[in-house]
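Colleague: Take this structure first; my questions come after.
The values are calculated or read from the model by the stated rules, or taken from the named source; none is laboratory data. Predicted model, so just to flag it, every value in this text is computed and none were measured. Heads up, the Cβs are rebuilt from the backbone with ideal geometry, glycines too, and the neighbour counts pull from every protein chain shown.
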Amino acid sequence: MSPRPRIGLDLITILDAAGEIADQKGMYEVTLANLAKKLGIRPPSLYNHFDGLPGLRKKLAIHGIDRLYEVMADAAIGVSGTEAVLAISKAYVNFARKHPGIYEATLYAPDPEDEDVQQAGAKIVDLSVRVLQAYQLEGDFALHAVRGLRSILHGFSALEQKGGFKMTLDLDESLSIILKAFLAGIGEER
């Protein structure tokens, strides 16, 4: 019989602490030892919530994907068309800016083919497809467009995080121009 989890120490509290470590120090510093130290517990206590470091990374990836979905879904409320695409895109990039480690964790699932990870990610895909419906995209082409949008957003976020944009141009304006060009392109391809 497994020992009971410590009172007041639930999975969300643990994942929030792991996310803070990731945001402040990077994903490689999210270890069981560092997390236990931050929480003021012994590392074996973490095994009550997940199976070792791979289990922690999986749960943190899903937690990050869920949080990213929430900010994107909130941004989509009350807007449509180009405005909706720009809103969810800005929410995505701002999430990566505010939570670089948690964002990185969304890419760090030990097994990206894991059903739980796939279900979490499917919500973002579904939201993106719904937002892009204003462009009358159907079937596989809609999914290709979602891949393109994700590639733009991830590439932009990764380059920004690595200091790839040294010019004094407004980054949000650059993002908006890129996205409008992308949307014009998918409109032409229909």
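Colleague: Residues of the stretch 136-162 being closer than 24 Å to Ile65 by Cα and outside any helix (DSSP H, G or I), which ones?
Modeller: Lys162, the sole residue that qualifies.
Colleague: When you check Ala73 against the structure, is it within 30 Å of Phe182 (Cβ to Cβ), surrounded by 19 or more Cβ atoms within 10 Å (Cβ to Cβ), at pLDDT 95 or above and among the aliphatic types (A, V, I, L, M), yes or no?
Modeller: Answer is no for this residue.
Colleague: Considering (1) modelled with pLDDT under 95; (2) under 22 Å from Arg150 (Cα atoms), say which one Asp51 fails and leave the rest.
Modeller: Failed condition: (2).
Colleague: Mind checking which pairs have a first residue in the stretch 59-82 that is part of a loop (DSSP other than H, G, I, E, B) and a second that is buried (at least 19 other Cβ atoms within 10 Å of the Cβ) and of a type outside the set (Phe, Trp, Tyr), Cβ under 7 Å, 6 or more apart or different chains?
Modeller: Val79/Ala87
Colleague: Identify, please: which residue in the stretch 83-124 is in contact with a Leu (Cβ under 8 Å, 6 or more places away or on another chain) and modelled with pLDDT under 95 and is, among those, surrounded by the most Cβ atoms within 10 Å (Cβ to Cβ)?
Modeller: Ala105
Colleague: Could you list, in sequence order, the residues of the stretch 83-129 that are among the charged types (D, E, K, R), touching a residue at least 24 places away in the same chain (Cβ under 8 Å) and over 23 Å from Ser174 (Cβ atoms)?
Modeller: Those that are among the charged types (D, E, K, R), touching a residue at least 24 places away in the same chain (Cβ under 8 Å) and over 23 Å from Ser174 (Cβ atoms): Asp111, Asp114, Asp116, Lys123.
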